[in-house]
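First comes the structure, then the notes that go with it.
The values are calculated or read from the model by the stated rules, or taken from the named source; none is laboratory data. Remember, predicted model here, so these are calculated numbers, not experimental data. Note that each Cβ is placed from the backbone with ideal geometry, even for glycine, and that neighbours are counted across all protein chains shown. Just the protein is used for accessible areas: all its heavy atoms, side chains included, with ligands, DNA and RNA removed. Shrake-Rupley method; radii C 1.70, N 1.55, O 1.52, S 1.80 Å.
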There are 2 protein chains.
Amino acid sequence: MNVPALACVLMVISTVRAFQYAELARYIDSHQEEYVEALRDWVAIESDSSNVFRRPDLHRMMDVAAQKLRLMGGTVELVDIGEQELPNGQKLALPKVVTALFGSDPSKHTVCIYGHVDVQPAKLEDGWATEPYNLTDVNGNLYGRGASDNKAPVLAWIHAVGAYQALSLELPVNVKFVIEGMEETGSNGLDAMIVAQRDTFFSDVDYIIISDCGWLSRRPALTYGTRGNCYFFAEVEGPKQDLHSGVYGGTVIEPMTDLVGILDTLISPSGTILIPGIREAVAPLSDEEWRMYQDIQFDLDHYKTKIGVSELMYTNKVDLLAHMWRYPTVTIHGIEGAFSDPGTKTVIPAKVTAKFSIRQVPDMDPATVKKQVTDYLHSVFAKRKSPNKLKVTMVIGAKPWLADTQHPLYEAGKAAVKRVFDMDADLIREGGTIPIARTFQDVTGKSIIMMPIGGFDDGLHSQNEKMSRSNIFLNFMELF
Amino acid sequence: MNVPALACVLMVISTVRAFQYAELARYIDSHQEEYVEALRDWVAIESDSSNVFRRPDLHRMMDVAAQKLRLMGGTVELVDIGEQELPNGQKLALPKVVTALFGSDPSKHTVCIYGHVDVQPAKLEDGWATEPYNLTDVNGNLYGRGASDNKAPVLAWIHAVGAYQALSLELPVNVKFVIEGMEETGSNGLDAMIVAQRDTFFSDVDYIIISDCGWLSRRPALTYGTRGNCYFFAEVEGPKQDLHSGVYGGTVIEPMTDLVGILDTLISPSGTILIPGIREAVAPLSDEEWRMYQDIQFDLDHYKTKIGVSELMYTNKVDLLAHMWRYPTVTIHGIEGAFSDPGTKTVIPAKVTAKFSIRQVPDMDPATVKKQVTDYLHSVFAKRKSPNKLKVTMVIGAKPWLADTQHPLYEAGKAAVKRVFDMDADLIREGGTIPIARTFQDVTGKSIIMMPIGGFDDGLHSQNEKMSRSNIFLNFMELF
């Protein structure tokens, strides 16, 4: 049996109102190429929200998404969510948020589907086998930046609605869309927009569905928690410009040495976070959690092979899952301003900015973490007695999210998975961040379900990101 | 008075055979634009020897230099010096070395001028005010990558010969040129070429002149020593590809954390090199050296202002000059493979390569340093008990060079400076590396003089590198 994710998408709709999904799924299966072409068009737009020079592409991406929904007859708005302030103080227009509505029958439930169409950076020379912005089909795997995260899932939901329309079937629910373009950098501006439209666009929403994560194994999954993320810039500034390391080396206190020195105090080789206060804030692991983790199908050896490492940070399943989902961690992503090209350059970089992030879990609070990290790095830096200047900025502060797996929405999700796949769904958490989940829950008071469409090996944020056709399309001959 | 460096260049020749330089210098002064145009053409070629993708430009640069000398009637050869082995095992043709000869009168002395026409990397977005490969004249300063290091000085010598020819004056000496294209990455292949041609091209050479450094202040200088350079790549490799830091963070031992950890053990905040054996190899500072340094005109406050720092590593002149010229130092240049762009990316880089270098001084030996650094980093890394793989490679191993300042060649240089500038030359060392100086001395047994043409503020290897017109051309009306 293939992995009939899109059928499962339809099933979730059908759990809100009863519906036989076979006809719809068959339609989608026979219109695969239309879907793939749409995905190819979307992937071709380099909608990298982290790169300010790509902002025009990102604006265009939002327009393209809005136009697609408009042509399907949706009531579409491009909502202005204001400006973004860059670390240098400059301001930049945020990409508008697309909202759309299909159906407004007060006798029906209303589901709101959230997704994003911005992507992480990608360059061929990072080690991609194919051009990252040219969707390339290799053995049924569709390779391209954003293919899995999150363009294909957004398009899957849109095409599910399209299938109803093509077959002249009445949608069993009113369907709303909220599509944003800043998810990869912390959903800047979306919180305020949700607050502002709580009593208008969101007032009649009953359930929120998010398909912005992946399965844990080949078994279908429902996700009930995500980690948040606090993303920091630590900038050390010294000389007024880069210096020749031969001519000046030995006479100046080098910013790069300082930066490496403070980065080395964030986390121990065995994974212990060294910033005071962080570990103390984490909710203790309950016996019930321990048992749930114990029951999850997860093969450590397979995980090691998939990643290509000989050893993991923890050697048993529960510890590993817990550190993947419900404990914080520190990752140093890289350094801007230093020499990063191939070859050699004998330079003393004048201003270097480390990028690192700390994944957030209950009961951590981003505002507190910001202060903890900033105070700690400044105290460590002060001990170096360096004349250079340290500036610590938190550029993303996204909270974790956790749902009640006994809620009727999850019961519906479990039933849908059971019907389509004939097996129980894995109830999993997600180490990554979907910042807006927590906001939706806090502001609207509505229930959220996360229903992954992507595969466990899609390579989100990595080289060679892909979405498999088998994750999207249903081969009916195999299912029945 | 302007800085009549090129006249001084001619004066050195004239100290070998007596000659009045006024007529030549006047000619050069009135043909400034021809010279600037030639420099513009050379700067326009992105002959970055560290970037393998620029190798075709580098080959073209060697051809252009050879052709210029050929059109002046020189006996020119493009000497094949073989291939370079890249860290990944691939081989790449080295740029040919240009040799040229003007005059072969056995009754005359023969001087050999060495220079290089490769450059350091440069990109506009590094913070250049002008396009780095478009020579731009701003108030008499000619901005461009390679302007000072080393294209303008090489052209200065060529145009000095051209001035003799244009005025139909007989050269007082035979002039040879050796122009290479790999200086910025350690003069790969040139050592072997000098050894191979010791008894042919170099057999009749009496003196070697190098103009590949700068003055220390506004006072003219002669340079009698350079530091060498051992340049290292430390590569830490973990997962088989970059990973999403949310999805995988906490489960894998991250290469970047390991790399930062080992880099932090190279040098202390106060500048002490922590690699065992390095400091012990350094020749002690003699009383005579101390006195020489004490006599040198050098203003620490001005140096601080020029660099734009509030404090230096050492607070007195002798310590500072000693650490600039005759003590080793460690610089961390940057990290390849990590996220280095603006913005945010939530990635765990899979393979990261730090670039750092250790400046070499007497009596350090690059082969020993290679072993010291490699052993040390592996021992530090082993303590982390990481499953990741560390690979340490030394990609440049250039020896330091030291000359006898009492040699007749330096006496001639001092006399030339005295005659042109009416002041004593600063006798200085150079913290940077001119790898071939040591080889010339060892292999040919000939004496070398380093005669800087560049200004003390030329910004070698930095943003906004420049050569000032006043360093090249003589304004006669001001001189006389």
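In the stretch B:264-285, the residues that are touching a residue at least 40 places away in the same chain (Cβ under 8 Å) and more than 9 Å from chain A (Cβ to nearest Cβ) form Cβ pairs under 9 Å with partners that are buried (at least 19 other Cβ atoms within 10 Å of the Cβ) and charged (D, E, K, R), at six or more places apart or across chains, as follows: B:VAL282/B:ARG326; B:ALA283/B:ARG326; B:LEU285/B:ARG326. When the stretch A:335-369 is filtered for residues that are buried (at least 24 other Cβ atoms within 10 Å of the Cβ), at the interface with chain B (Cβ under 7 Å from one of its Cβ atoms) and touching a helix residue (DSSP H, G or I) at 6+ places or on another chain (Cβ under 8 Å), the ones remaining, listed by number, are A:ILE335, A:ALA338, A:THR344, A:THR346, A:VAL347, A:ILE348, A:PRO349, A:SER357, A:ARG359. All of (1) part of a loop (DSSP other than H, G, I, E, B); (2) within 14 Å of another protein chain (Cβ to nearest Cβ); (3) in contact with a helix residue (DSSP H, G or I) (Cβ under 8 Å, 6 or more places away or on another chain); (4) buried (at least 20 other Cβ atoms within 10 Å of the Cβ) hold for B:PHE202 with one exception: (2). Might you check whether a residue that is open to solvent by 10 Å² or more (accessible area, probe 1.4 Å), more than 30 Å from A:ILE158 (Cβ to Cβ) and not charged (D, E, K, R) occurs anywhere in the stretch A:221-234? Yes, that holds for at least one residue. For the criterion of being away from chain A (no Cβ under 14 Å) and either open to solvent by less than 20 Å² (accessible area, probe 1.4 Å) or touching a residue at least 40 places away in the same chain (Cβ under 8 Å) (or both), B:ALA403 passes. Against the condition more than 7 Å from every other protein chain (Cβ to nearest Cβ), in contact with an Asp or Glu (Cβ under 7 Å, 6 or more places away or on another chain) and open to solvent by 20 Å² or more (accessible area, probe 1.4 Å), how does B:GLN372 come out, does it pass? Answer is no for this residue.
Scanning the stretch A:379-388 for residues that are out of contact with any Asp or Glu (no Cβ under 8 Å at 6 or more places or on another chain), away from every other protein chain (no Cβ under 13 Å) and not in a loop (DSSP other than H, G, I, E, B) turns up at least one hit. Answer yes or no: is there a residue in the stretch B:142-154 that is touching a His at 6+ places or on another chain (Cβ under 8 Å), under 20 Å from B:GLY454 (Cα atoms) and more than 14 Å from chain A (Cβ to nearest Cβ). Yes; the residues of the stretch B:142-154 include at least one that is touching a His at 6+ places or on another chain (Cβ under 8 Å), under 20 Å from B:GLY454 (Cα atoms) and more than 14 Å from chain A (Cβ to nearest Cβ).
Scanning the stretch B:307-326 for residues that are at the interface with chain A (Cβ under 9 Å from one of its Cβ atoms) and assigned to a helix (DSSP H, G or I) returns B:ILE307, B:LEU320, B:LEU321, B:ALA322, B:HIS323, B:MET324, B:TRP325.
Screening the stretch B:205-221 for residues that are under 14 Å from the mean Cα position of the chain (by Cα) and in a strand (DSSP E or B) and picking the one that is farthest from the other protein chains (Cβ to nearest Cβ) gives B:ILE210.
In the stretch B:222-254, the qualifying residues are those that are more than 28 Å from the chain's Cα centre (by Cα) and within 26 Å of A:ASN388 (Cβ to Cβ), and the one that is nearest to the other protein chains (Cβ to nearest Cβ) is B:GLU254.
Take the residues of the stretch A:135-151 that are over 16 Å from A:TYR114 (Cα atoms) and assigned to a loop (DSSP other than H, G, I, E, B): which is nearest to the chain's Cα centre (by Cα)? In this case the residue turns out to be A:ARG145. Taking the criterion of being under 19 Å from B:THR223 (Cβ atoms) and surrounded by 12 or more Cβ atoms within 10 Å (Cβ to Cβ), the residues of the stretch B:268-289 that qualify are B:ALA283, B:LEU285, B:GLU289. Only one entry of A:THR344, A:THR305 meets the criterion of being hydroxyl-bearing (Ser, Thr, Tyr), at pLDDT below 95 and either over 24 Å from the mean Cα position of the chain (by Cα) or in the same structural domain as A:MET256 (by TED's automatic domain parsing) (or both), and that entry is A:THR344.
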